[in-house]
Amino acid sequence: MKKHRSWLTMLALLVGLSLNAQITHEMVVKANKPGAEIQSTMYGLFFEDINFGADGGLYAELIKNRSFEFPQSLMGWKSFGHVEVRIDRPAFDKNPHYVRLSNPGHPQKHTGLENDGFFGIGVHKDAQYRFSVWARLPQGTGTEKFRVELVSSKNDPIVNQVITITSADWKKYEVVLTSPITDAKAFIRVFLTSNGEIDMDHLSLFPVDTWKGRENGLRKDLVQALADLKPGVFRFPGGCIVEGTDLNTRYNWKNSVGAVENRPLNENRWHYTFPYRFYPDYYQSYGLGFYEFFLLSEEIGSEPLPIVSCGLACQFQNTDPKAHVPVEKLGSYIQDAIDLIEFANGAVSTKWGKVRAEMGHPAPFNLKFIGVGNEQWGKEYSERLELFIKAIRKAYPNIKIVGSSGPDSEGDKFNYLWPEMKRLKVDLVDEHFYRSQQWFLSQAARYDNYDRKGPKVFAGEYACHPKNKKNNFEAALCEAAFMTGLERNADVVHMATYAPLFAHVEGWQWRPDLIWFDNLNSVRSVNYYVQQLYSKNKGTNVLPLTMDKKPVTGQSELYASAVWDKNEKAYIVKIANTSDNTQTIRLTFDGVKQEQLSDGICTSLHSSNPDVENTLIEPDAVKPEETAVHLEGNVLSIELGAKTFAVYKFIKE
Ligand code: AHR
C-alpha cells in the first residue's frame with residue numbers, strides 16, 4: 001500500500017510539473033505609470049581592507065612593510081650582512097623606524113635586504129616599475145651606492161639599477177625598472193655596493209602604469225572592474241575596520257591623509273579575526289586613504305559614503321563597557337566626523353580644506369552622506385549616535401546621516417534599533433545580511449511593507465552565502481531574485497552595496513567576494529555580473545509589474561521588477577526564474593501604443609550547474625549573453641530557461 005502511495009505521489013508530481021511547464025504566466029507592466037524615482041545611489045560599492053583588498057590589492061604598492069613600522073620591524077623583509085633598525089633622527093616623525101646598511105666586513109660578503117611583497121611581487125613582461133627610497137649618508141660626506149634588483153621566483157636577477165646617495169640629509173631617490181618577464185612571485189633585493197653606510201626608509205615599488213598613472217596609485221585592472229560597475233555610491237572604509245578590535249585600532253581617517261610616508265601604520269583586524277585564516281603580516285599602511293577614496297569616487301562617478309567610528313569598539317569583541325568611549329568623552333570622535341566633512345567640502349581657507357588642497361584637490365568633493373558606526377547595537381549605540389547627529393546637523397544641515405540597524409537582518413538588535421533610528425531621524429538605515437539561498441528568496445518582498453514615512457534603507461552589506469561559501473551561480477541567481485524587491489521598492493531602498501568587494505586568492509579571510517585577484521590578474525564573479533546588470537539597467541523610475549495582480553515575489557519560483565529610464569526612453573524588465581523548468585511568460589506593456597515599441601535586447605545569465613564559479617583559471621564560466629527579442633505589438637512572449645536571470649530592454653520610439 002505504501003509503495004502504491006509513493007507511486008501515486010510521483011505521478012501527481014509529474015503531472016504537476018508538466019502542467020506547470022504548460023502554464024503561461026501573464027505578467028503586466030504598467031508602462032504608462034512611472035512611479036517612484038530610483039536614486040542615482042541605488043547600486044554601489046562597499047570597500048573594506050579585508051582579504052588584502054587595499055594593501056596587497058587595490059593599492060598598487062608592491063613592497064610590504066615599506067617603512068619598517070610593523071611591530072616586528074623587519075617583518076616581510078629578509079636582511080643579510082650588517083642591517084640595523086634605528087629611530088634616531090628619523091625621516092618621518094610618525095613613522096620613525098628606518099634601516100642602516102653598513103659594510104659587511106669582508107669583500108666577499110654582502111649587506112642588503114629582500115622583500116617579496118604580498119604573496120610575491122607580480123611583474124608583467126615589458127612593464128615598468130618605479131622604485132623609490134628615502135636615503136641619507138649617516139657619515140655626512142662622500143657618496144655611497146646600492147643596487148636594487150628585481151629577482152624572479154627562480155632566484156634569477158632579471159633587472160637592476162644602481163643608485164648613488166649623495167646627501168647627508170634625507171632625500172628621495174627613484175629609478176624605473178623594466179621587467180623582461182612576467183612572474184607572479186618575483187621579489188626585490190637591495191645590495192649595498194660601496195664600503196660605507198647608507199640609511200634608508202620608505203622603500204617603495206609601484207607599477208608605472210597605475211590607474212590614471214598616479215605615483216601613489218591604484219591597480220588599474222581592479223579600478224577598471226569598479227568603474228565598469230557604474231557604481232552610484234561608494235562606502236569606505238568598511239566594515240569592522242571602522243570600529244577596530246579596540247579603539248586604538250579603529251580607522252582614524254586623520255592618519256590616512258597627508259604625505260604618504262608619514263601616515264602611521266594601523267593594525268588590520270583581519271590578520272587575526274579568524275585564526276583558521278591567520279595572516280600575522282596584514283597591516284594597513286593607509287596609502288589608500290581618505291583622499292584617494294574621495295578622488296576615486298569622483299573619477300568613477302560615485303557618491304562617497306564615509307563611515308566613521310562612533311566611539312564603540314567592535315561590540316562582538318568587547319563586552320566590557322570600559323572598551324568604549326564614555327558618552328561624556330565623545331567630543332574628539334564627533335569632531336573627527338565634522339572635520340572629515342570639512343576635509344571633503346571645506347573651503348581651502350579652512351584647516352582641513354587646506355590639507356585637501358595641498359594634496360592636490362582644491363575643489364570640494366561635494367560630500368553628501370556620512371555614516372556613523374558600523375555594526376553597532378543597543379542603547380550604547382543610539383545614545384552616542386544621538387550626539388553625533390546633533391553636532392553634524394548643526395554644522396552641516398544638508399549632510400545625510402546613515403545609522404545602523406546592527407549586524408543582523410532581523411531579531412532583537414534589529415527590532416530595537418529601527419524604532420530608535422526613526423526617533424533619531426537618521427536619513428538612512430544600514431542593514432546587513434549575509435544569508436542563505438532560502439533567506440534571499442524568501443525576502444524578495446522584504447521591503448514591500450516597509451514604512452514609507454521613516455528613514456530610507458541602505459542595504460549596506462549583503463551577499464548570499466551558500467554552505468560551501470562559494471561565489472557560485474546559484475548564490476548569484478538568488479541575489480538577482482532578491483534584488484527585484486530592492487528595485488520594486490526604490491522609494492524606500494535608496495542604496496545597496498554587495499560585500500565584501502575584493503579578495504586575494506592567497507590572502508582571503510571572508511568569502512564570497514565580488515572580485516577575486518592574484519598578483520597579475522583579476523576575475524569578476526557571477527555575483528559581479530548580477531550587480532552590473534542591475535546597475536547598468538537601473539532606470540529612473542519604478543514601473544508597476546504584476547502577475548495575477550500581485551508583485552512577482554516567488555510565485556512559481558519567478559521574481560520580477562520593471563523600470564522606466566527617462567533618459568534613454570527605455571523600458572527595462574528583470575525576471576529571475578529560479579525553478580528547474582523553462583517557464584512560459586507573456587509580458588504585456590500596458591498603456592503604451594504598439595507602434596511605439598521597437599524590438600529589444602535580452603541580456604541573461606544562466607548555467608545548468610548551480611555550483612559553477614568564475615575563477616582566475618576559468619574567468620568566463622558564466623557571463624551575460626545578449627540576444628535580440630521580438631515584440632508582437634506590446635506583448636513579449638518569453639520562454640525563460642530554468643535557472644536564468646534575464647534583463648529585457650526596449651526603447652520607446
Ligand atoms: O564584510 C565583512 C564584514 O562583515 C564587515 O567588516 C562587517 O561589517 C560584517 O560583519
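Just to confirm the number: angle between the C-alpha axis of helix 378-395 and the first principal axis of the chain, 0 to 90 degrees, nearest 10? Between the helix axis and the principal axis of the chain, the angle is about 80 degrees.
In the full protein context, the stretch 77-209 carries 44 Å² of accessible surface per residue, based on a 1.4 Å probe and ignoring ligands, DNA and RNA.
Where both partners of a DSSP beta bridge lie in the chain, what percent of those bridges are antiparallel, to the nearest 5? Given both bridge residues lie in the chain, the antiparallel proportion sits at roughly 70 percent. For residue 270, the solvent-accessible surface computed with a 1.4 Å probe is close to 10 Å², ligands and nucleic acids excluded. Which FRET efficiency, nearest 0.05, do residue 395 and residue 319 yield, Cβ-Cβ r, R0 41 Å? E(calc), rounded to 0.05, equals 0.75. When the square roots of the Cα gyration tensor eigenvalues are ordered a ≥ b ≥ c, the ratio a/c for the stretch 181-325 is 1.5 or more and a/b does not exceed b/c, which makes its shape oblate. Note the angle between two axes, namely the Cα long axis of helix 412-423 and the longest principal axis of the Cα atoms of the chain, as a number of degrees from 0 to 90, rounded to the nearest 10. Tilt relative to the chain: about 90 degrees. Protection proxy ranking for 207-216, 104-113, using the average of other Cβ atoms within 10 Å per residue and placing the highest first: 207-216, 104-113. Kindly identify the stretch 77-209 as rounded, prolate or oblate by the Cα gyration tensor criterion: order the square roots of the eigenvalues as a ≥ b ≥ c, call it rounded if a/c is under 1.5, otherwise compare a/b with b/c, prolate if a/b is larger, else oblate. Prolate, since a/c reaches 1.5 and a/b exceeds b/c. Computed on protein heavy atoms with a 1.4 Å probe, the accessible areas place 396, 282 in the order 396, 282, largest first. Heavy-atom accessible area, probed at 1.4 angstrom with all protein chains present, ranks 94, 64 as 94, 64, highest first. Of the peptides 627-634, 242-249, the order by per-residue mean of other Cβ atoms within 10 Å, starting with the highest, comes out as 242-249, 627-634.
When the solvent-accessible surface of protein heavy atoms is calculated with a 1.4 angstrom probe, in what order do 464, 240 fall, highest first? Show your work: numbers first, answer last.
Numbers: 464 0, 240 20 Å².
The ranking, largest first, comes out as 240, 464.
Cross-linked pairs 33/536; 212/574; 172/254; 230/400: Cα-Cα separations exceed 28 Å for 212/574.
Kirkwood radius for the chain, taken over all pairs of different Cα atoms as the inverse mean of 1/r, rounds to 26.9 Å.
The values are calculated or read from the model by the stated rules, or taken from the named source; none is laboratory data. Here the structure is a predicted model, which means the values were calculated and not measured. Don't worry about glycine lacking a Cβ; one is built from the backbone with ideal geometry, like all the others, and counts go over all protein chains shown. Just so you know, the surface numbers come from the protein's heavy atoms only, side chains and all, with ligands and any DNA or RNA stripped out. Shrake-Rupley method; radii C 1.70, N 1.55, O 1.52, S 1.80 Å.
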